[in-house]
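The values are calculated or read from the model by the stated rules, or taken from the named source; none is laboratory data. As the structure is a computational prediction, the values presented were derived from the model and not from experiment. So basically every Cβ, Gly included, is an ideal-geometry build from the backbone, and we count neighbours across all protein chains shown. Ligands, DNA and RNA are stripped out before the accessible areas are found, and what is left, the full protein with its side chains, is counted by its heavy atoms. Shrake-Rupley method; radii C 1.70, N 1.55, O 1.52, S 1.80 Å.
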Amino acid sequence: MLAIIGGSGLTTLSNLDVSRREVVRTPYGEPSGALVFGQICGQPAMFLPRHGYGHTIPPHMVNYRANLWALHHHQATGIISVASVGGIRADLQPGEIVIPDQIIDYTSGRKATFFEGNGSAVTHIDFTEPYDHDLRCRIAEAGAKLGIAMKSGGVYAATQGPRLETAAEINRLERDGCDLVGMTGMPEAVLARELGLPYAAISVVANHAAGRGSSARGIHFESLDKVLQGAMGRVRAVIEELAVSAARGRASAISA
Ligand code: HPA
């Protein structure tokens, strides 16, 4: 079953035909909220708002382990993570949608592994490609099918937050090769990998990163809300198409 983790701008999934909600207890504490189960275009799916239903959990306080554990426990077969980001690369304008292919982790002090060394063998997982290649391709295909412009590829900088970056920090991220910046990409991606769950991100550019373009003198989110809402509408359409194409894939596998 496809699982969607929604971030700022996507705290509910209006195209999810909800059948039930479940509060899940995990060995790692409470997830951000109840898991919502239902169907998207007839296909089973589940949804979890990363920042809670009232959008009250800041990025550094999200219980990423509980969230991922809960989705895995409820048989997620793939995770689409939706989040807003700041655009660093010059072509990434507010409203743009990106499917990143790499990540650099600048966060600190977050619980970033399920392998805590409590008696089990030391485990080093491969993370060369942090996002699942097939899932990324399927997202790109869904966008192409609908004629929705999305940029495939990009290096996501995961910063600690909750404050936004300084202009000098953004310059440093750019020198490091980062194209976009957000606060929630890690440890979400690595925890999904530790659980063996295919994971890909849909990043929606909410603003120019600090010191760039319209954020040259500061970041003013209020004016960007409309842009973000428009882009999230397109993201919802892509998720619907993904669900439909997954069903088509299953049907043709059965009839082959
Ligand atoms: N920086 C970090 N996270 C963000 C930004 C940003 O500029 N915009 C949206 N999430």
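Here is the figure for region 93-129: residues that are within 16 Å of the ligand (Cβ to nearest atom) and assigned to a loop (DSSP other than H, G, I, E, B) total 9. Considering region 130-188, and only residues there that are basic (Lys, Arg) and in a helix (DSSP H, G or I), the residue that is most open to solvent (accessible area, probe 1.4 Å) turns out to be Arg175.
Note on region 109-124: residues that are exposed (fewer than 12 other Cβ atoms within 10 Å of the Cβ) and either β-branched (Val, Ile, Thr) or modelled with pLDDT of 95 or more (or both) amount to 3. Pairing each residue of region 58-79 that is open to solvent by 60 Å² or more (accessible area, probe 1.4 Å) with any residue that is within 16 Å of the ligand (Cβ to nearest atom), provided the two are 6+ apart or on different chains, yields C-beta distances under 8 Å for His60/Thr107; His60/Arg110; His60/Gln160; His60/Gly161; His60/Pro162; His60/Met183.
Every residue, every condition in (1) under 30 Å from His124 (Cα atoms); (2) in contact with a strand residue (DSSP E or B) (Cβ under 9 Å, 6 or more places away or on another chain); (3) hydrophobic (A, V, I, L, M, F, W, C), yes or no:
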{"site": "Asp176", "(1), (2), (3)": "yes, yes, no"}
{"site": "Met186", "(1), (2), (3)": "yes, yes, yes"}
{"site": "Arg193", "(1), (2), (3)": "yes, yes, no"}
{"site": "Ala201", "(1), (2), (3)": "yes, yes, yes"}
{"site": "Ala206", "(1), (2), (3)": "no, yes, yes"}
{"site": "Gly230", "(1), (2), (3)": "no, no, no"}
{"site": "Ala243", "(1), (2), (3)": "no, yes, yes"}
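Every residue, every condition in (1) more than 9 Å from the ligand (Cβ to nearest atom); (2) surrounded by 23 or more Cβ atoms within 10 Å (Cβ to Cβ); (3) in contact (Cβ under 8 Å) with a residue 12 or more places away in the chain, yes or no:
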site	(1), (2), (3)
Ala200	yes, yes, yes
His208	no, no, yes
Gly213	yes, no, yes
Ser223	yes, no, no
Gly233	yes, no, no
Ala237	yes, no, yes
Glu240	yes, no, yes
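Hey, among the residues in region 73-107 that are acidic (Asp, Glu) and under 11 Å from His208 (Cα atoms), which one's nearest to the chain's Cα centre (by Cα)? Ranking the candidates gives Glu96 first. I'd like the residue in region 242-256 that is surrounded by 12 or more Cβ atoms within 10 Å (Cβ to Cβ) and not small (Gly, Ala, Ser) and, out of all such residues, is modelled with the highest pLDDT. Going through the qualifying residues, I end up with Leu242.
As a summary of the residue check, Pro31 satisfies the conditions (1) over 14 Å from the mean Cα position of the chain (by Cα); (2) surrounded by fewer than 19 Cβ atoms within 10 Å (Cβ to Cβ); (3) without any contact (Cβ under 8 Å) to a residue 60 or more places away in the chain; (4) away from the ligand (no atom under 16 Å from the Cβ) except for the one numbered (2). Of the numbered criteria (1) within 12 Å of the ligand (Cβ to nearest atom); (2) of a type in the set (Val, Ile, Thr); (3) under 21 Å from Ser14 (Cα atoms), the one Ile148 fails is (1). No other residue among Ala76, Ala66, Ala3 is small (Gly, Ala, Ser), under 24 Å from Ile139 (Cβ atoms), modelled with pLDDT of 95 or more and touching a Ser or Thr at 6+ places or on another chain (Cβ under 9 Å) apart from Ala3.
State whether the residues of region 25-36 include one that is closer than 28 Å to Asp101 by Cβ and β-branched (Val, Ile, Thr). No: zero hits.
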